[in-house]
1. Assess whether E145 counts as being out of contact with any strand residue (DSSP E or B) (no Cβ under 8 Å at 6 or more places or on another chain) and over 23 Å from I190 (Cβ atoms).
2. Output the residue which, of all residues in the range 83-116 that are under 11 Å from the mean Cα position of the chain (by Cα) and within 19 Å of H63 (Cα to Cα), is surrounded by the most Cβ atoms within 10 Å (Cβ to Cβ).
3. Return the only residue of L80, L139 being surrounded by 19 or more Cβ atoms within 10 Å (Cβ to Cβ) and at positive phi.
4. For the range 124-155, how many residues meet the condition of being touching a Ser or Thr at 6+ places or on another chain (Cβ under 7 Å), free of Cβ contacts under 8 Å to residues at least 60 places away in the same chain and hydrophobic (A, V, I, L, M, F, W, C)?
5. Here are some conditions: (1) surrounded by fewer than 19 Cβ atoms within 10 Å (Cβ to Cβ); (2) touching a residue at least 12 places away in the same chain (Cβ under 8 Å); (3) polar (S, T, N, Q). Q4 meets all but one. Which one does it not meet?
6. Going through V70, V95 one at a time, which residue ends up being modelled with pLDDT of 95 or more, under 30 Å from D122 (Cβ atoms) and in the same structural domain as L139 (by TED's automatic domain parsing)?
7. Could you please tell me which pairs satisfy a Cβ distance under 6 Å, a separation of 6+ or placement on different chains, a first residue in the range 50-71 that is closer than 13 Å to G113 by Cα, and a second residue that is among the basic types (K, R)?
8. Can you find even one residue in the range 156-169 that is without any contact (Cβ under 8 Å) to a residue 40 or more places away in the chain and under 18 Å from T101 (Cα atoms)?
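The values are calculated or read from the model by the stated rules, or taken from the named source; none is laboratory data. What you are looking at is a predicted structure, and each value in this text was computed from that prediction instead of being measured. Please note: Cβ atoms are built from the backbone with ideal geometry, for glycine as well, and neighbour counts cover all protein chains shown.
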Amino acid sequence: MGKQIHLKKIEELFRKSPVVEFNSIKRIIKSKNKHSSYTKLLIHNLLDKEKIKKIGKGVYTIHEDISLAVFVFKPAYLGLQSSLSHFGIWEQETVPIILTTKKVRRGIRKVLGRNILIRNIDKKYFFGFEFVKEGDFYLPYSDVEKTFIDLIIFNSKLDRKILMKIKKIINEKKLNKYLERYPERFRNKIRRLLDL
C-alpha cells in the first residue's frame, strides 16, 4: 500500500515539474526509508519501465525536450546560437547550447540520445538571462544583449545578415549597462562591431 502512495506522489511530482532531482524523490519516500537504496531501486524500476528518463546525474524527466538539460547544469542558461534561434535571428538548426558556471567538462554531450553543447562561463559574467515560455516550459535564455556579448567572447562567426538583425533589436542602454562589467578593450570591440 505504501509503495502505491509513494508512486502516486512521485508521478504527481513529475507532472508538476519539468525535471525532478533524486533528492526530491528521496524526500517523498523518506518517512519510512532513511536509506537511499530504496529510492535508487524505485528510480531504477521507473527507468526500466520507461516511465521516466535520465537527463543528467540524479536528474530525471518524463519529457522529450533536451533543452531541459539546462537544469542539470544550473546555474546555467541557454545561449549563443540557441538564443539566436529562440529570437528568430538564427535560421539554421542548432543543438541546445548551455552556458554554465558549474565546473563541468565542456563540449558535446548526449542527452536522451541527442546532442547538447556545454560551454563554461565565469561567475562574474553570469547574468542577462530570463525565463521564457517555450512549449510547456519556462526555460532560461540569455537576452539579445547578453547573447551578442557571449557570441563575441566565444569567437562565434557572425555574418553581416545576423549582425544587422541583432543591431535592429538590441537595446543600446541595456547593452551599455552590461558592458560596464567587462574590460575596456572588450567594450570598445563590441561598440565597433555595432557602430555605437
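1. Here the answer is no, as E145 does not meet what is asked.
2. Selected residue: I98.
3. Selected residue: L80, the only one of L80, L139 that is surrounded by 19 or more Cβ atoms within 10 Å (Cβ to Cβ) and at positive phi.
4. 2
5. Here Q4 clears every test but (2).
6. Going through V70, V95 in turn, the sole match is V70.
7. I66/R114
8. no
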